[in-house]
Amino acid sequence: MRDVFVLLVVFSAVPLIFLRPHVGILAWCWISYMNPHRLSWGIAYDFPVAMVVALATLGAWALSKDPKKLQITPVTGLLLAFVVWMTFANLFAMVPDLAFQKWTQSFKILLMTFITMVLMQSRERLHAMIWVIVLSLGFFGAKGGMFTALGGGTSLVWGPPGSFIADNNALAMALIMVLPLVWYLQLQTESKLIRIGLYGLMILTAFSILGSQSRGAFLGGIAMAAFLVWKSRQRLMLSLVVVGFLTASVFFVPQSWIDRMRTIETYQEDSSALSRLEVWGFAIKLTNDRPLVGGGFRVSYDDAIYLKYVPDARKGRGRNYHSVYFEILGELGYPGLLVYLSVLWAAWRSGSRTIAMTRHRSELHWAGDLARMIHVSLVGFAVAGAFQNLAFFDLYFHLLAMLFLAHQIVIAELAREGATADPLRTGYRPAAGRQPLRGRPADS
């Protein structure tokens with residue numbers, strides 16, 4: 001029955017996508033994050049639903065009157081440069097067959113990211129996308145949170161099988177990244193009932209993260225909470241909320257969770273931590289031999305190559321990098337890592353400019369709030385990602401797209417009101433013959 005429902009929804013959406021191409025982006029987000037086909041057991045499980053939606057979206061966009069031009073900014077320019085380098089580096093991949101599989105998957109994700117940047121350039125469309133992402137991942141947050149609270153956290157929380165977030169650690173990282181978006185929606189909605197529901201979703205999602213027993217997510221959550229408190233105008237209230245939650249969670253986590261978190265301090269005695277150090281060493285040694293292009297995608301899974309650089313490997317075979325940074329370094333070389341980090345820096349700066357441009361504009365506060373919350377999400381990604389093999393996770397690129405879209409929407413709105421937005425500087429400058437609108441905001 002689930003198979004029929006999923007396929008019915010997907011194929012019913014295709015005609016709507018051809019009428020409204022941006023609906024294809026919403027459908028893509030639903031499939032990418034909720035993975036409804038992976039929650040079934042029949043024909044839908046392996047059916048290429050994402051490909052159906054992607055092809056329909058591309059076809060509808062090509063035939064529609066929607067914009068076709070991607071605005072080139074530091075974010076989009078560097079992201080395009082990353083795609084070019086990713087493609088170039090993999091021409092020299094040490095394991096071509098495995099590399100091509102990951103290149104195809106990564107290219108699809110980045111292509112849909114660019115289409116998102118072109119199609120979702122309005123506040124309504126952007127908010128619709130955020131709601132779909134929050135509800136899709138929130139499904140696992142709510143389910144995992146109830147599972148953890150009722151079961152006392154004795155079993156791990158897992159994501160949908162065969163997906164980016166199947167692993168307990170990957171799911172925890174995704175939930176860490178989506179929590180600030182839940183908070184953002186709570187700030188924006190006027191319905192008291194919906195706000196209460198979003199508060200509940202945040203609490204359950206936090207319990208789901210605890211139930212994953214992911215040490216990387218634990219560190220990412222701490223960093224994210226600290227950054228949120230530091231940047232918030234309500235530091236005392238947020239500090240009390242964080243302390244209150246941590247105190248309450250003590251009654252829901254088993255001794256096994258506490259013991260696992262303690263291994264962060266005693267990593268020298270933990271086999272999992274030592275395996276990470278081993279594969280990180282592999283990435284450095286390999287890249288020093290091939291500094292420009294690295295080893296290509298999935299080179300670490302080739303046992304012969306892995307053992308060449310790590311002859312005394314603990315498991316006698318290759319494995320994933322357990323870090324977005326070493327993943328990019330080992331697969332795309334030093335230039336690839338530089339461009340990857342530059343994209344993150346450019347997106348962060350774009351968010352800071354949006355915050356500055358909207359500080360004294362009440363009708364645009366939503367964009368500033370969104371940029372702040374995405375900054376929090378990126379802190380979670382940067383810290384938790386140091387221990388996860390998720391460099392090409394859809395949500396990371398969607399967060400970059402959201403920062404880009406919010407900035408472009410603000411620029412367009414200020415231009416309509418007579419202020420010429422300057423994308424290369426924070427704030428905006430008034431058009432000729434007009435006075436500044438309540439003064440130029442300071443940098444964030």
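The values are calculated or read from the model by the stated rules, or taken from the named source; none is laboratory data. Note that this is a predicted model, so its numbers are computed, not measured. Because the Cβ atoms are built from the backbone with ideal geometry, glycine has one as well, and the counts that use them run over all protein chains shown.
Matching residues to (1) of a type in the set (V, I, T); (2) at pLDDT below 95; (3) touching a Pro at 6+ places or on another chain (Cβ under 9 Å); (4) under 24 Å from L185 (Cα atoms):
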position	(1), (2), (3), (4)
M86	no, no, no, no
S122	no, yes, no, yes
L126	no, no, no, yes
V132	yes, no, no, yes
G138	no, yes, no, yes
F147	no, yes, no, no
V157	yes, yes, no, no
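The set of residues from the range 361-379 being polar (S, T, N, Q) and at pLDDT below 90 comprises just one member, S362.
Residues checked against (1) touching a helix residue (DSSP H, G or I) at 6+ places or on another chain (Cβ under 6 Å); (2) crowded, with 21+ Cβ neighbours inside 10 Å:
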position	(1), (2)
V324	yes, yes
E327	no, yes
Y340	yes, yes
S362	no, no
V376	yes, yes
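Screening L55, L91, L19 for residues that are surrounded by fewer than 17 Cβ atoms within 10 Å (Cβ to Cβ), aliphatic (A, V, I, L, M), more than 19 Å from S122 (Cα to Cα) and over 25 Å from the mean Cα position of the chain (by Cα) leaves exactly one candidate, L91.
Counting residues in the range 278-287 that are more than 26 Å from the chain's Cα centre (by Cα), modelled with pLDDT under 65, surrounded by 17 or more Cβ atoms within 10 Å (Cβ to Cβ) and more than 22 Å from V379 (Cα to Cα) gives zero. Of all residue pairs spaced 6 or more apart or on separate chains, those with beta-carbon atoms under 8 Å, a first member in the range 22-44 that is on the phi > 0 side of the Ramachandran plot and a second member that is hydroxyl-bearing (S, T, Y) and outside any helix (DSSP H, G or I) are N35/S163. Kindly indicate whether any position in the range 390-400 is surrounded by 24 or more Cβ atoms within 10 Å (Cβ to Cβ), under 13 Å from W348 (Cα atoms) and among the hydrophobic types (A, V, I, L, M, F, W, C). Scanning the range 390-400 turns up at least one residue that is surrounded by 24 or more Cβ atoms within 10 Å (Cβ to Cβ), under 13 Å from W348 (Cα atoms) and among the hydrophobic types (A, V, I, L, M, F, W, C). Return yes or no: is A382 in contact with a Ser or Thr (Cβ under 6 Å, 6 or more places away or on another chain), modelled with pLDDT of 85 or more and crowded, with 17+ Cβ neighbours inside 10 Å? No: the conditions fail for A382.
In the condition set (1) hydroxyl-bearing (S, T, Y); (2) out of contact with any Lys or Arg (no Cβ under 9 Å at 6 or more places or on another chain); (3) closer than 30 Å to S106 by Cβ; (4) crowded, with 23+ Cβ neighbours inside 10 Å, S136 is compliant with all but (4). Would it be correct to say that A81 is closer than 22 Å to S163 by Cβ and small (G, A, S)? No, not satisfied.
Among the residues of the range 188-209, those identified as small (G, A, S) and either buried (at least 16 other Cβ atoms within 10 Å of the Cβ) or part of a helix (DSSP H, G or I) (or both) are G197, G200, A206, S208. Scanning the range 1-46 for residues that are farther than 22 Å from L58 by Cβ and of a type in the set (S, T, Y) yields a total of 2. Just one of (1) touching a strand residue (DSSP E or B) at 6+ places or on another chain (Cβ under 8 Å); (2) at pLDDT 95 or above fails for A401. It is (1).
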